[in-house]
1. Order by neighbour count: 157, 135, fewest other Cβ atoms within 10 Å first, most last.
2. Under the 0.36 nm per residue contour assumption, what length would be gained going from the current alpha-carbon distance of residue 295 and residue 52 to full extension?
3. Cα centroid distance between the stretch 309-335 and the stretch 84-151, in Å?
4. Report, to the nearest 10°, how far helix 312-328 tilts away from the longest principal axis of the Cα atoms in the chain, using its own Cα long axis and a range of 0 to 90°.
5. Order of 92, 225 from fewest to most other C-beta atoms within 10 Å?
6. Between residue 334 and residue 179, how high is the FRET efficiency from 1/(1 + (r/R0)^6) when r is the Cβ-Cβ distance and R₀ = 30 Å? Nearest 0.05.
7. Using only Cα atoms, locate the centre of the stretch 1-62 and the centre of the stretch 347-396, then give the distance between them in Å, rounded to an integer.
8. When log10 I(q)/I(0) by the Debye sum over Cα atoms at q = 0.10, 0.11, 0.14 Å⁻¹ is calculated directly from the model, which label among (i) -0.56, -0.68, -1.18; (ii) -0.89, -1.01, -1.32; (iii) -0.64, -0.78, -1.26 fits?
């Protein structure tokens, strides 16, 4: 497995030193530039998803700090003068405001051929995962992404209520355009199994060749509006899976755990699923570390559950039954509602919509308690047109414990 660099970096060292230490961490990765040299266009994903600007010691707690972003771009420029497109697809369509607060365009202008973009803007392109049995065979993404030939993930270290933690693989999810998948991408961030398997799809679709985690200041308990922590670390590596494995250990989590084990309260471990779709055995103990061992710099995070207790196993069981009902009655649904998005509970259609945005609007109008949200939402099409691997639901249903007598 490809090695991961662990480097210390306190917020007090200041902006210029943070950028320099980011460059140094990247250059310490063996063969760090191999995936960049020869690229025509490099897409860089930073965490700038919402306008949340809290700082500790001058370093942003929930967004990738601009000094880390600059360090990554500076390192890329040591390897290539290829065009760089950099940014996020902010949930609330306010990229210009966020980028202005972070000062990204001004900071990066001197590196030449760097465009800071909102990847949630049209035009779209359809890209294929190109691996057997993905969650979705194709995704719609920004045409700017589809035309890139090298990818970089620059993540913020955060706890995540739904996924346990967010690092380089989860960071890629922010490239999914809200205008296609809903705000905040709820068609993919569903109640059942899509999210971790979508993350695995994206990890193999883009396979970022350079991965950096900003753990100088981090966010505990939840991905947004949580409590700040100071792990005071930078991580860098050429493989997102190995970087995230080390990152989980720095956060005090077991990267080999899986739902329903902590911190995976609600969903599968995307690291395991990424290894699965890559056709690899997930041996997280075998990752080589350059620098201090993750346990030596560990800062223990905690993951808060969503408010309002639920029996997650029973919720999944009902949802899987709803999926099976949809599949059994697909021909009937297609005859009436082909090409429409269906919101379903108990195997029955609650409402239908012509877009994900309309589906979400109807949900806001009709639901006052999130626990009453539809069990399953799906684009109604013939089986021959199906883009989603619906067999995955039955596979996950088989993993559930038998119902109590």
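1. On the way: 157 29, 135 24.
Listing 157, 135 from fewest to most nearby Cβ atoms yields 135, 157.
2. Values: separation 243, 0.36 × 243 = 87.48 nm, distance 2.96 nm.
Length difference between fully extended and current span is 84.5 nm.
3. One Cα centre to the other: 34 Å.
4. Tilt of helix 312-328: around 60 degrees.
5. Values: 92 14, 225 11.
Arranged by neighbour count, lowest to highest, 92, 225 become 225, 92.
6. Efficiency for this residue pair is about 0.70.
7. Value for the Cα centre distance between the two parts: 38 Å.
8. (iii)
A short reminder: the numbers here are calculations on the coordinates, not readings from a lab. As the structure is a computational prediction, the values presented were derived from the model and not from experiment. Virtual Cβ from ideal backbone geometry, glycine too; neighbours counted across all protein chains shown.
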